[in-house]
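First the structure, in the form of structure tokens, and then the observations on it.
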Amino acid sequence: MSAKLGKGWQKRQFHRDWLAAEAVNLLDFFSLNTIDPAGGFYDLDREGEPMEGPKALHATTRMVHCHVVGQLLGRPGSAEMIDHGMNFLKKGHRDEKFGGYMWSLEDGQPKDDTKQAYGHAFVLLAASSASLVGHPLAKDILADVSEVLDKRFWEEANGAVSEEYKRDWSPISDYRGQNSNMHLTEALMAAYEATGERIYLTRAERIASLIIDKHARSLGYRVAEHFHADWSLDNAYSGNEMFRPSGSTPGHWLEWARLCLQLWVLGGKKLDWLKDAAIALFKASIDLGWDKAYGGFFYTLDWDNNPKRREKLWWPISEGIGAAAFLNAHAPSDFHEEWYRKLWDFAASNLIDQDFGGWLPELSEDLQPEESLFIGKPDIYHAFQACLIPLFPAEGSLTAMIMEENRT
């Protein structure tokens with residue numbers, strides 16, 4: 001690091017204490033007030049009050065994962081949150097008739113009973129994480145979701161998963177998406193760390209090879225989101241604005257930058273293209289996705305690199321922080337350190353809600369709070385990991401690194 005920048009922020013005790021305090025604030029915000037006694041977790045409004053509505057699979061599982069992190073850190077109360085989420089996963093989302101996990105429930109009944117690869121990726125993550133703290137349901141759920149992913153979603157010829165099915169496993173569409181496969185890459189690495197079973201790591205590497213080394217590399221490290229059944233690009237696709245927006249999403253380039261480095265490390269640093277890709281993905285996201293007038297990452301770009309949706313969301317900033325932290329460890333440079341600091345400056349000034357807690361999920365182009373995509377405060381997952389990833393060695397998943405530190 002240059003003399004101008006001095007010691008990196010991640011090594012400064014004040015910064016580390018600030019990150020830990022912000023992580024505690026997030027756990028406090030997304031804690032007991034979220035528990036629905038009837039099952040699952042409430043979404044919260046801006047002030048942290050429960051909102052009625054469906055209980056989505058990704059929200060249930062992310063809450064479990066984050067409170068596993070809380071328990072590993074030694075936070076009293078997180079065990080109750082894990083237990084509540086795992087029981088709802090088993091007794092609510094789990095489809096006893098057809099197998100797999102339903103996307104959402106309301107008043108104890110299926111609201112959206114489709115089987116989504118995106119949701120199953122997070123079931124794998126939650127079960128892998130919960131196994132680390134010995135939750136009694138974790139082993140069975142981990143085995144069950146692994147079998148479902150293997151038999152229903154995994155396409156060996158392509159090295160990736162298919163996307164969506166009706167409750168009875170009849171196909172919905174021929175759509176293939178990178179978003180579900182990206183999150184499955186994260187979950188597969190967690191499952192590999194939890195079990196030591198090599199197949200999880202091998203499949204994570206195959207997904208990354210398809211999405212990043214084959215497609216993103218050919219597009220100047222812009223990550224294509226949407227594909228046909230044969231994994232040819234479908235750049236005309238337009239779907240759900242939250243999970244499948246048209247165009248390309250710079251926040252996912254940042255997410256992949258961290259995942260590539262984590263995968264490179266877990267694989268014994270043998271696939272050097274993963275490290276090269278991480279550096280290139282991060283730079284492309286800054287060069288093309290950052291709003292040079294107001295700051296923040298545009299939500300989506302078209303394929304001429306123009307902003308398509310101009311909202312500024314909290315999760316790309318969170319993922320950029322995680323990526324910069326990993327890059328500071330494995331490809332240190334003034335550029336990566338400067339952007340690590342700049343992203344935290346943006347979060348502190350614009351996203352962290354000093355009045356009510358949590359992070360504002362969405363800002364307008366000129367950085368005013370708005371709710372066109374998200375209502376209230378979405379789940380804890382992205383912001384919480386942004387606070388904690390910089391505190392631990394960039395040698396694996398957050399849960400594994402916390403456990404490693406606790407052993408020494």
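The values are calculated or read from the model by the stated rules, or taken from the named source; none is laboratory data. Quantities reported herein were computed from a predicted structural model and do not represent experimental measurements. Please note: Cβ atoms are built from the backbone with ideal geometry, for glycine as well, and neighbour counts cover all protein chains shown. Accessible surface areas use protein heavy atoms only, side chains included; no ligands, DNA or RNA. Shrake-Rupley method; radii C 1.70, N 1.55, O 1.52, S 1.80 Å.
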Exercise. Within region 189-197, is there a residue that is open to solvent by 10 Å² or more (accessible area, probe 1.4 Å) and assigned to a loop (DSSP other than H, G, I, E, B)?
Worked result: yes
Seminar exercise, completed: Within region 350-388, residues being of a type outside the set (A, V, I, L, M) and closer than 15 Å to residue 298 by Cβ number 7
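Kindly evaluate residue 335 against the criterion of being crowded, with 17+ Cβ neighbours inside 10 Å and of a type in the set (Phe, Trp, Tyr). Even if it seems obvious, please write down each step before you answer.
Details: crowded, with 17+ Cβ neighbours inside 10 Å: no; of a type in the set (Phe, Trp, Tyr): yes.
No, not satisfied.
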Exercise. Do we find a residue being exposed (fewer than 15 other Cβ atoms within 10 Å of the Cβ), modelled with pLDDT of 95 or more, in a helix (DSSP H, G or I) and of a type in the set (Phe, Trp, Tyr) anywhere in region 10-20?
Worked result: yes
Exercise. Do we find a residue being at pLDDT 95 or above, more than 21 Å from residue 377 (Cα to Cα) and surrounded by 22 or more Cβ atoms within 10 Å (Cβ to Cβ) anywhere in region 77-86?
Worked result: yes
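Could you run through region 233-277 and say how many residues are open to solvent by 60 Å² or more (accessible area, probe 1.4 Å) and in contact (Cβ under 8 Å) with a residue 40 or more places away in the chain? Steps first, please.
Going residue by residue through region 233-277, those that are open to solvent by 60 Å² or more (accessible area, probe 1.4 Å) are 235-236, 238, 240, 242, 269-272, 276.
Within this subset, residues satisfying the condition of being in contact (Cβ under 8 Å) with a residue 40 or more places away in the chain are 235, 242, 271.
Number satisfying all stated conditions: 3.
Taking the stated definitions as given, is residue 330 open to solvent by less than 60 Å² (accessible area, probe 1.4 Å), in contact (Cβ under 8 Å) with a residue 60 or more places away in the chain, over 29 Å from residue 245 (Cα atoms) and not aliphatic (A, V, I, L, M)? Walk me through it before giving the result.
Details: open to solvent by less than 60 Å² (accessible area, probe 1.4 Å): yes; in contact (Cβ under 8 Å) with a residue 60 or more places away in the chain: yes; over 29 Å from residue 245 (Cα atoms): yes; not aliphatic (A, V, I, L, M): yes.
In short, yes.
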For this session: Give the residues of region 309-326 that are touching a Ser or Thr at 6+ places or on another chain (Cβ under 8 Å) and open to solvent by 10 Å² or more (accessible area, probe 1.4 Å), sorted by residue number.
Result: 309, 310, 311
Seminar exercise, completed: When (1) surrounded by fewer than 18 Cβ atoms within 10 Å (Cβ to Cβ); (2) in a helix (DSSP H, G or I) are applied to residue 123, the one that fails is (1)
